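Just so it is clear, none of the values below were taken in a lab; they were calculated from the coordinates. The shown structure was predicted, so the numbers you read here are calculated from the model rather than taken from an experiment. As a convention, Cβ positions derive from the backbone with ideal geometry for all residues, glycine included, and neighbour counts pool all protein chains shown.
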Amino acid sequence: MDIDTISFGNYIVLTCTVHGIQTIDITTTRQWSMGDHDKLLCYNGRINNIRKYKEKVLPGNEFSLTIFNVTESDLNVVYQCRYGFNAANKFIKADELNTFLSLRLVKDSIIFGGDIILTCTVNGLSTVDRDVTRQWSMGKHDELLSYNGRINNYRKYEETILHGNAFSLRIFNVTEKDVNVTYRCRYGFDTATYFIKINESVSLQKRIQSYHSFNISSHSAAGQKEKGNFKVNHVNDTISSKHAKGNLRLILSSTLIPIATLVLVAVFVISIVKLKHIRKETIDKNPINDQNKTERENLCSLPEDDFITNKVNSQTEGTV
């Protein structure tokens, strides 16, 4: 039983050759099965899963089985074809795959406090099969970071399946613990590694004015090295604090001064209204004072002769 080249997401064609005959007799039993429990896949052209398998009787003394969308479950297993009372077996090993992975860093420069993106490319495929195991890990102890999109720390990592034959891992808020370490991506049974090395240790500062460059080297699974510049941007904390204080003062002056002016105007208006109200209440409570005041004002307004006459009359009345 022959087999074509294998790649994930594509298809496998198993061909069964019956020696000693010229052509396949369609009245003779044909059968395809797989696994230790001899799971039946096809019986005389009747398929148990038409989306996964297809049988074809070829010209001459051969018939074939096509397995679509190859995944891990289709590998490391025994396939068997039967023709009448004869049978043939084929064990498909995972190492027969012609696929291989390549892992790279998207950007040559890394900023502490920023992000790192690692991209894993599955060469030999057109698209990434979501049914095939994807895995990200790091360090000497192979610490698991992501398994089929399930992240162990969502604040730190994010996996994305990209268009085509690649998937990526984003590392947020990069620190010294994220560098000088080996990263691994796995797709099915293939593995690729990438080692990020900083040749000079630095203290972490998110932003500074000056730029410090460091050499960075990385090693892929194939043993190739890639070099670039490792840049760390620093910002002076004193300058940042001064800008922050200046902005705060500007905000306070633009908001508090108009509010204070409105408050003063409101207090002034309220005071005037209260004074008028108090004066009105005083007048209403003391009508006699108002009458005496009116009489005094009338006396003051009389001519002098009339005032004397009134005074004499009042004395005369007193004598009588």
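Here are a few things to note about the model shown:
- Peptides 144-153, 111-120 ordered by average Cβ neighbours within 10 Å, highest first: 111-120, 144-153
- In terms of surrounding Cβ atoms within a 10 Å radius of their Cβ, Ile92, Ile270 rank from fewest to most as Ile270, Ile92.
- Relative contact order for segment 20-177: 16 percent, from Cα pairs under 8 Å spaced at least 6 residues apart, divided by residue count.
- Virtual spin-label span in nm between Phe195 and Ala87, 7 Å along Cα→Cβ: 4.9 nm
- 10 Å beta-carbon shell around Ser137, net charge (K/R +1, D/E -1): 0
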